[in-house]
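Throughout, read-outs are computed from the coordinates displayed, never taken from laboratory work. In this text the structure is predicted, and so the values were computed from the model without any measurement. Backbone-built Cβ (ideal geometry, glycine too); neighbour counts: all protein chains shown.
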Amino acid sequence: MSSSLLIDWLDNFPRRILTLVCVASIGMLAFGQYLQHVVGLEPCPMCIVQRYALILVAVIAALTGASARKGLNIGGTLLMLGASGFGAYVAARQSWLQWYPPEVSSCGRDFYGMIETFPLQRAIPMIFKGSGDCSKIDWSFLGGSIANWSFVVFSLIALLSVTMMWRLSRRRTA
């Protein structure tokens, strides 16, 4: 019953699903801001990259949901798949660092310090390399860190994107 309801929504209301993805992404970004400014958790460089990926997902979902054209919806969900796949990769890398922290743990520069100090071709590898901050778990929910939950959400968005592309490509044009 529930799978037929989901398939019905994918076939008949893709714009509503994209709106829900956009709203969920904005909600996650707001929760990240709450953790940073109210709880006092300082985001690491990988957390900031995940935020940018989430912003991309939200913008792409909003722009794709604004169109009713099949081609634009398929292209938009493909872009959303790319952004969510990138976010899932960064979250998985951070989760790996949290599960297997490096033996030499050093507090690296913050994201903005790296961008201001180094040229972009040196700063980007430093961001993805991670630092001692990226392996630290400051907050958890149901046994999962923020990076673990980000990976789950990005993976669900990627799965939804693939499913939407498949369903939209099978739909006949009106």
Residue separation times 0.36 nm, minus the C-alpha to C-alpha distance between T19 and V162: what's the value? 49.8 nm
Between Y52 and Y89, what is 0.36 nm times their sequence separation minus the Cα-Cα distance? Round to one decimal in nm. 12.0 nm
Can you give the net charge of the other residues whose Cβ lies under 13 Å from the Cβ of G32, counting K and R as +1 and D and E as -1? -1
Net charge near C22 (other residues with Cβ under 14 Å of its Cβ; Lys, Arg +1; Asp, Glu -1) is +2
